[in-house]
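Engineer: The structure under discussion is supplied below as structure tokens; questions concerning it will follow.
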Amino acid sequence: MKYYAVIDTNVLVSAVLRWDSVPGCVLEHAFVGNIIPLLNEQIINEYAEVLTRPKFHFDREKVNVIIDGMMKRGIFVDPGDTGIVLPDPKDVVFYEIVMEKRKHDDAFLVTGNTKHFPTEPYIVTPREMLTILEKE
């Protein structure tokens, strides 16, 4: 079974920092097609901005491969305005995209910062997403 998921930027950073980690496994599932990434231009721009920050010292070619891979395997969603206010305004787009997709399909928001979002069963940690995938 394939799962739709918005992957928060912190999960990508963690995956790049350590590929053999739970976030790395989530990203690997996105690359092999078990997870269909949900995206829009704002999310792609955030991925690029954060992953190319000098403090991370990530290889630009590797960053480009990751972003291109997400774009090739993902679907773009035009989110509706939910009116939600979150502690970090940059998180709103991640929430709005998952809520838009949930109007028609099951979808998850995978984040290392669940406390930044409402408590809902579809807002999950990378570990919880792996557990969902392993149930198949």
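Engineer: So, of the residues in region 66-81 that are closer than 15 Å to THR9 by Cα and β-branched (Val, Ile, Thr), which turns out to be surrounded by the fewest Cβ atoms within 10 Å (Cβ to Cβ)?
Structural biologist: ILE67
Engineer: Any idea which residue in region 107-131 is surrounded by the most Cβ atoms within 10 Å (Cβ to Cβ), counting only those that are aliphatic (A, V, I, L, M) and under 14 Å from VAL22 (Cα atoms)?
Structural biologist: Step by step, filter region 107-131, then rank; the result is VAL110.
Engineer: On the given criteria, is MET129 in contact (Cβ under 8 Å) with a residue 24 or more places away in the chain and either under 24 Å from THR52 (Cβ atoms) or not in a loop (DSSP other than H, G, I, E, B) (or both)?
Structural biologist: yes
Engineer: Could you list all residues from region 42-91 that are over 21 Å from TYR3 (Cβ atoms), touching a residue at least 24 places away in the same chain (Cβ under 8 Å) and not β-branched (Val, Ile, Thr)?
Structural biologist: GLN42, GLU46, LEU51, PHE56, PHE58, LYS62, LEU86, PRO87, ASP88, LYS90
Engineer: Ok, one more. Looking at region 43-51, can you tell me whether even one residue there is out of contact with any strand residue (DSSP E or B) (no Cβ under 8 Å at 6 or more places or on another chain), of a type in the set (Val, Ile, Thr) and under 14 Å from LYS90 (Cα atoms)?
Structural biologist: yes
Engineer: Please state which of the following conditions ASP81 fails to meet, knowing it meets all the rest: (1) in contact with a helix residue (DSSP H, G or I) (Cβ under 6 Å, 6 or more places away or on another chain); (2) at pLDDT below 95.
Structural biologist: Condition (1) is where ASP81 drops out.
The values are calculated or read from the model by the stated rules, or taken from the named source; none is laboratory data. What you see is a predicted model, and the numbers here were worked out from it, not measured in a lab. FYI the Cβ positions are ideal-geometry reconstructions off the backbone, even for glycines, and counts take in every protein chain you see.
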